[in-house]
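J.: Supplied in structure tokens, the structure appears directly below.
Any read-out appearing in this document is the output of simple, stated calculations on the displayed coordinates, not a laboratory observation. Remember, predicted model here, so these are calculated numbers, not experimental data. Cβ atoms come from the backbone with ideal geometry, glycine included; neighbour counts cover every protein chain shown.
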Amino acid sequence: MAERPAWRRVLDWFTVPPAHVSAKLARYYIYWKVFYVLAAVGHFMTLLMFWQLGVTFMALFNIFSVAVFVSALWLLDRAYYRLAFWGAIAELVLHGIAATVCVGHQYSFQLYPFLVVILLFIQPFYRLRTAIVAAAAVLLSAAALMAFSVTNEPVYVIPNDQEVMLSALPLITWPFYVLLMVLPFVRASARAEEEIAAAYGESERLLLNILPAPIAARLKETEGMIAEDYDKVAILFADIAGFTQMSGRLKPAQLVNLLNDVFNAIDEVVARHGAEKIKTIGDAYMVVAGLPLADPDPDDTIANLALDMVEAVSAFKDPVTGAPVQIRVGINSGAVVAGVIGNRKFAYDLWGDAVNVAARMEATGEIGRIQAPEAFAGPLKDRFTFEPRGAVEIKGKGLMQTCFLTDRHRPAPAA
């Protein structure tokens, strides 16, 4: 393997945290490392400047400063994050005090504590209240330092021809340091907002996969039960014929994959007809037309959907026998109550006699056929073909005249 170029190794050293750094601390670690390196370099340059100006004490002090930030890097790599953090804060406070006493307030070294304030609010260790108290103490010390420097002469007098260089130093370095300290967290905040928006979008998508959109919207605004009466909806129940025997023939993974494929195909049919999937239980599937959004003719919708559903499912084959997968379908229409009850694992459901009859139509039906009560078929006979079945014993209802929906009426060919 070719060795990576030197610039890449340096970039990785700055931007790739070691294994001991947790995900929570990763961005802080990178920020601290960059800051400590630049602070060490900056203080070394300040050391040279003070040495050239003859401010011996500050030149020596900056040797200490460089050592502090180099030590902070060493501590950072050994996971002593707080010790490195407080070492940097102590250096900035002491450096501001020492430089202001030595050369005076006109060169803005008394503003160093403001860098400390920024550091105090960009850390993962302490609560906001602690950061506020510490920042207040730092700002009070800065005010006291400013008052001292205004009423007292500096220890060193900077030659007039050197004042421009010393005055220009904060103008150059301060914006850079503030940008360095704030920009990563501005970007991190933007990323966090994007992640929150993405997570919210995903939660909305998942919620809308569980509940109809109008019900989900109401549930976010309303506490407690949601229930509504609907005078006329059409209900469909379907289950896979021979599913129990199929479960014995197929491996679990094969069975689940087949069921998933079949239900995905049914989902597409339901969506195409504008109906609402209510739930699946095992190999059973329940769908309704006419709620929560109104349908001018839910019976027509559910009849067309049932015919397309049978056709879509018949395209699938049993992986072992090769026989087409078939379903039993029952349909009915009438008044129902629909809504969400309970406060855990929300589910949208329907209740009413029309629902029970639709379930009985499926349970007493025949494989590959769509059973409906005669009362359901009557208004649709001008658009669909029904085959009479006769009286069928329906639990809780007694004998009921039923029929099978077999086809749509085809328009007569043109002469």
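J.: Cα atoms only: what Rg and Dmax, in Å, come out for the stretch 6-197?
T.: Reported Rg and Dmax, both Å: 17.8, 57.
J.: Using the Cα centre of the chain as origin and beta-carbon charges of +1 (Lys, Arg) and -1 (Asp, Glu), tell me which of Gly201, Cys102, Thr244 is placed farthest towards the positive end of the dipole.
T.: My answer, from the dipole projection, is Cys102.
J.: Taking the alpha-carbon centroid of each part, what is the distance from the stretch 18-51 to the stretch 285-304 in angstrom?
T.: About 65 Å separates the Cα centre of the stretch 18-51 from the one of the stretch 285-304.
J.: Another one. Positive end of the dipole of the stretch 6-197, charges at C-beta (+1 Lys, Arg; -1 Asp, Glu), about the Cα centre: which of Met49, Ala137, Ala84 has its Cα farthest in that direction?
T.: Ala84
J.: Taking a temperature of 10 °C and a viscosity of 1.306 mPa s, what whole-number D in µm²/s does Stokes-Einstein yield for the stretch 17-71 with Rh from Kirkwood over alpha carbon pairs? Mind dumping the intermediate values first?
T.: Working: Rh = 12.3 Å.
It comes out at roughly 129 µm²/s.
J.: Shape of the stretch 236-295 from its Cα gyration tensor (a ≥ b ≥ c, root eigenvalues): rounded if a/c is under 1.5, otherwise prolate when a/b > b/c, or oblate? Before the final figure, lay out the partial values.
T.: Numbers: a/c = 3.56, a/b = 2.40, b/c = 1.48.
Judged from the Cα gyration tensor, the stretch 236-295 comes out prolate (a/c at least 1.5, a/b above b/c).
J.: Sticking with this structure for a sec: Counting only C-alpha contacts under 8 Å and six or more residues apart, can you give the relative contact order of the stretch 6-197 as a whole percent?
T.: On the way: 166 pairs, mean separation 35.0, N = 192.
With pairs under 8 Å counted, the relative contact order is 18 percent.
J.: Largest first and to the nearest Å, give the Cα extent of the stretch 302-415 along each principal axis.
T.: 60, 40, 30
J.: Further question on the same structure: Please compute the contact order of the stretch 224-369 in relative form: average sequence separation of alpha-carbon pairs under 8 Å and at least six residues apart, divided by the residue count, as a percent. Could you put the intermediate results ahead of the total?
T.: Details: 264 pairs, mean separation 51.8, N = 146.
It comes to 36 percent, rounded to a whole number.
J.: Lysine pairs in the chain with Cα distance under 23 Å, only those 8 or more apart or on different chains: how many are there?
T.: Summing the qualifying lysine pairs gives 13.
J.: Compute the long axis of helix 252-272 from its Cα atoms, compare it with the longest principal axis of the Cα atoms of the chain, and write down the angle in degrees, 0 to 90, nearest 10.
T.: Roughly 80 degrees, rounded to the nearest 10.
J.: Do the sum for the chain: with -39,500 (n - 2.57) for every DSSP H run of n ≥ 4, divided by all residues, what is the mean residue ellipticity at 222 nm, to the nearest 500 deg cm²/dmol? Don't skip to the answer; put the middle values down first.
T.: Numbers: 13 runs with 236 residues, N = 415.
Computed ellipticity for the chain at 222 nm equals -19500 deg cm²/dmol.
J.: Continuing with the same structure: Calculate one ³J(HN,Hα) per residue across the stretch 374-383 by plugging θ = phi - 60° into the Karplus curve 6.51 cos²θ - 1.76 cosθ + 1.60, and present them in order as whole Hz with x for glycine and proline.
T.: Couplings: 4, 5, 6, 5, x, x, 9, 5, 7, 10 Hz.
J.: Starting from the Cα gyration tensor of the stretch 224-369, multiply each eigenvalue by 5, take the square root, and state the resulting semi-axes largest first in whole Å. Write down the numbers at each step before the final one.
T.: Numbers: eigenvalues 152, 58, 35 Å².
The three semi-axes for the stretch 224-369 are 28, 17, 13 Å.
J.: Taking the Cα centre of the chain as the origin, how large is its charge dipole in debye, to the nearest 20, when only Lys and Arg (+1) and Asp and Glu (-1) carry charge on their Cβ atoms? Don't skip to the end; give the middle numbers.
T.: On the way: 34 positive and 39 negative charges, 254 e Å.
With only Lys, Arg, Asp and Glu charged at Cβ, the dipole is about 1220 debye.
J.: Here's something else I'd like to know. How would you rank Val329, Val313, Val37, Val117, going from fewest to most other Cβ atoms within 10 Å of each one's own Cβ? Could the numbers behind the result be given before it?
T.: Working: Val329 28, Val313 24, Val37 16, Val117 19.
Going from sparsest to densest Cβ surroundings: Val37, Val117, Val313, Val329.
J.: Using the Cα centre of the stretch 6-197 as the reference point, and only Cβ charges (+1 on K/R, -1 on D/E), how large is the resulting charge dipole? Debye, rounded to the nearest 20.
T.: Values: 11 positive and 9 negative charges, 150 e Å.
Around 720 debye, computed over the stretch 6-197.
J.: Then there's this: Determine, for Val336, Val93, the number of other Cβ atoms within 10 Å of each Cβ, and report the residues in order from fewest to most. Please report the intermediate quantities before stating the final value.
T.: Working: Val336 25, Val93 19.
The fewest-first ordering by Cβ neighbours comes to Val93, Val336.
J.: Restricting to the chain, compute how many DSSP beta bridges are antiparallel as a %, nearest 5. Walk me through the intermediate numbers first.
T.: Working: 43 of 45 bridges.
Counting DSSP beta bridges with both partners in the chain, the antiparallel share is about 95 percent.
J.: With the contact rule set at Cα under 8 Å and sequence spacing of 6 or more, what percent relative contact order holds for the chain? Before the final figure, lay out the partial values.
T.: Values: 550 pairs, mean separation 43.4, N = 415.
Result for the chain is 10 percent.
J.: Which is the longest part of the chain that has none of the trypsin sites (Lys or Arg not before Pro) sitting in a DSSP loop with at most 14 other Cβ atoms within 10 Å? Walk me through the numbers before you get to the answer.
T.: Working: sites that count: Lys24, Arg78, Arg127, Arg344, Lys345, Lys381, Arg383, Lys395, Lys397.
By the stated rule (loop sites, at most 14 other Cβ atoms within 10 Å), 128-343.
J.: Charges only on Cβ, +1 for Lys and Arg, -1 for Asp and Glu: so what's the dipole of the stretch 224-369 about the Cα centre, in debye to the nearest 20?
T.: Values: 12 positive and 20 negative charges, 144 e Å.
Computed charge dipole of the stretch 224-369: roughly 700 debye.
J.: Loop sites only, by DSSP: take the GluC sites (Glu not before Pro) in the chain that have at most 14 other C-beta atoms within 10 Å and name the longest stretch containing none of them.
T.: Working: sites that count: Glu3, Glu223, Glu366.
Answer - 4-222.
J.: Taking the Cα centre of the stretch 6-197 as the origin and placing charges on Cβ (Lys, Arg +1; Asp, Glu -1), which of Tyr29, Pro154, Ala59 is farthest toward the positive end of the dipole?
T.: Tyr29
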